[in-house]
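What follows is a set of notes on a single structure, which appears directly below.
Since every read-out is calculated from the coordinates, none of them should be taken as a lab result. All figures in this text were calculated on a predicted structure; none of them were measured in a lab. Counting neighbours? That spans all protein chains shown, and the Cβs are built from the backbone with ideal geometry, glycine included.
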Amino acid sequence: MSRALTCDLEFMCRVDPAASRDLVCRAVACRAQIQLLVPTAEEDVVLVGELIHESGPSLGVRIDGPPGATSRATGASIISVSFELSGTHYFFETSCIRDAESGGEIIHLRRPASMSILDRRRSSRWSPRKPAEVIISPVGGTGTSLRHAAMLNVGSQGIACRISKVGGQDLNLGDVLLASFRAGLESKPFEFHSRITNITEGGTSATVILGMEFIQDAEYKSDLARLQKALRAG
């Protein structure tokens, strides 16, 4: 699926099994930070973890979160995982193959046979070194309408994030949403009205990538300098 109002220079490419095995080994060796997008009946849950070991069909992940956070992942049938190596984002789909251990903070994921890569051609965009979340809500909406997405990159004119197909099933091109996120070393979150300009397959069968353009209203203009400073510093 690919729906676009404008030409998008980001697209997904498949990584073959041999290269995927090598990427997993590299990610474990450097204790890569990973992001897990877990669809639930209520809402998408974004968990952050660290790849700590790999053995046979299993990948060990230490989850960074409150007590009980791992139960969200162990009970899910599909988990969409993303991680970054040398500035490139990789994605794969998996599930838990063993119950949590070590006080509930370590889960074991099924090793992917292959994965996808996000080929980016936008040099002006900033990608988080560690997993980062984007909170999306309808303009004028309530807390029950919040959606949680995983940030891919952000620039002075827009943002790209990954969300489950379930969480984004009622979103359409042209929809105006409020996107809240953090960037660079800036502690105060940014909140911009944003228009969906692109909806593309997200590298796994359960996710899509949203491309959103910031609406240049008064809030955007008043916070643009702070965003640009954060992107340069980050």
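Quick rundown of the values:
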item: In nm, spacing of pseudo-spin labels at Q216 and L146 (7 Å Cα→C-beta vector); result: 3.1 nm
item: Using θ = phi - 60° and Karplus 6.51 cos²θ - 1.76 cosθ + 1.60, couplings along the range 169-182 (whole Hz; Gly, Pro as x); result: 5, 9, 8, 9, 4, x, 4, 9, 10, 9, 9, 10, 7, 10
item: Rounded Å value of the spacing that divides the Cα centres of the range 35-64 and the range 179-234; result: 24 Å
item: Where labels lie 7 Å past Cα in the beta-carbon direction, separation of K130 and T88 in nm; result: 2.5 nm
item: Förster radius 35 Å - calculated FRET efficiency between R21 and L185 (Cβ-Cβ, nearest 0.05); result: 0.50
item: Ranked list, fewest to most other Cβ atoms within 10 Å of each Cβ, for H148, H89; result: H148, H89
item: HN-Hα J in Hz across the range 27-37 - Karplus 6.51, -1.76, 1.60, θ = phi - 60°, x for Gly and Pro; result: 5, 5, 4, 9, 6, 4, 6, 10, 10, 10, 9
item: Modelled FRET efficiency - R0 25 Å, S205 with V176, Cβ distances, 0.05 increments; result: 0.35
item: Simple label model, 7 Å out from Cα along Cβ direction - S77 to S55, nm; result: 3.0 nm
item: Linear extension gain, Q169 paired with D223, 0.36 nm per residue minus alpha-carbon span; result: 16.4 nm
